[in-house]
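The values are calculated or read from the model by the stated rules, or taken from the named source; none is laboratory data. Here the structure is a predicted model, which means the values were calculated and not measured. Every residue, glycine as well, gets a Cβ built from its backbone with ideal geometry; the counts of neighbours run over all protein chains shown. When the accessible area is computed, the model is the full protein with side chains, heavy atoms only, and any ligands, DNA or RNA have been set aside. Shrake-Rupley method; radii C 1.70, N 1.55, O 1.52, S 1.80 Å.
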Amino acid sequence: MAVTTDRTTTDEHAPSPPARLSLTPGTAPGLLDGAWWPRSRDLSRELPALAERLDHSWGRVTRVTVNPAFWPVIPRKVSVTGHTVHVGWFTDEQDPHKLLLFSRTADRLDLLIIPPETDPAAAARLMSAATTPGSLLTASRLMEDERTADDAADSRNREEEWETEGGTAPPPAGNPAGPSRSAQGM
């Protein structure tokens, strides 16, 4: 996989809205510490809002790592109010749906990255699932579970649409061909 890196420190972007972030309450250990739902796949634009939000409640973010699977450009450094955050990446070692954040004082946070194009209802479910104290589900597993649930809902919706548009329900189980000739008086 080719990774595009931007060797400049970014600060030319207009400020982003506050980060959409949900953290696990308490200190129960789990595989994830919360979830982040960025508004785009532009790390240089999205990371400052995330870091600023965490700087106040968790500790100054100094370093971030991502898997480049979903990020078209990975900046080497990102300017955040008052400091710089260094950005790194791992292709095989890091779950593509996870972001690792490091600070000098609070060690590390592992966050589920919810793709920006995710439906708000699905994002809310994912944020809730990622913040379950003591959960042993990985970021990729949460995303797969959500895709499976979404596919099942789509299937139910297609079936309901078929029924309301004049389609017929499948024949009852055990009688796939419908009534027999003898039942019809033949």
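Looking across the stretch 45-79, the residues that are small (Gly, Ala, Ser) and closer than 23 Å to GLU93 by Cβ come down to ALA51, ALA69.
Give, as residue ranges, the strands (runs of 3 or more DSSP E) completely inside the stretch 33-135 that count at least 1 residues that are open to solvent by 70 Å² or more (accessible area, probe 1.4 Å). Outline the logic, then answer.
On the way: elements: 34-36, 61-66, 74-80, 83-89, 98-103, 107-113.
Fully inside the stretch 33-135 and qualifying: 61-66, 74-80, 83-89, 107-113.
Restricting the first member to the stretch 21-39 and to residues that are within 17 Å of ALA122 (Cβ to Cβ), and the second to residues that are acidic (Asp, Glu) and not in a loop (DSSP other than H, G, I, E, B), the beta-carbon pairs closer than 8 Å and six or more apart or on different chains are LEU32/ASP110; PRO38/GLU46; ARG39/GLU46.
Residue pairs whose Cβ atoms lie under 7 Å apart, sitting 6 or more positions apart in sequence or on different chains, and linking a residue in the stretch 74-94 that is closer than 16 Å to LEU43 by Cα to a partner that is of a type in the set (S, T, N, Q) and buried (at least 19 other Cβ atoms within 10 Å of the Cβ), are PRO75/THR10; PRO75/SER44; VAL78/THR10; VAL78/SER44; SER79/THR10; TRP89/ASN67; PHE90/ASN67. Among the conditions (1) in contact with a Leu (Cβ under 7 Å, 6 or more places away or on another chain); (2) farther than 18 Å from ARG41 by Cα, the only one that LEU112 does not satisfy is (2). Against the conditions (1) modelled with pLDDT of 95 or more; (2) under 17 Å from the mean Cα position of the chain (by Cα); (3) farther than 16 Å from TRP36 by Cα, ARG76 satisfies every one except (2). Out of ALA124, ALA169, ALA153, which single residue is at pLDDT 85 or above, aliphatic (A, V, I, L, M) and over 29 Å from THR62 (Cβ atoms)? Going through ALA124, ALA169, ALA153 in turn, just one is at pLDDT 85 or above, aliphatic (A, V, I, L, M) and over 29 Å from THR62 (Cβ atoms): ALA124.
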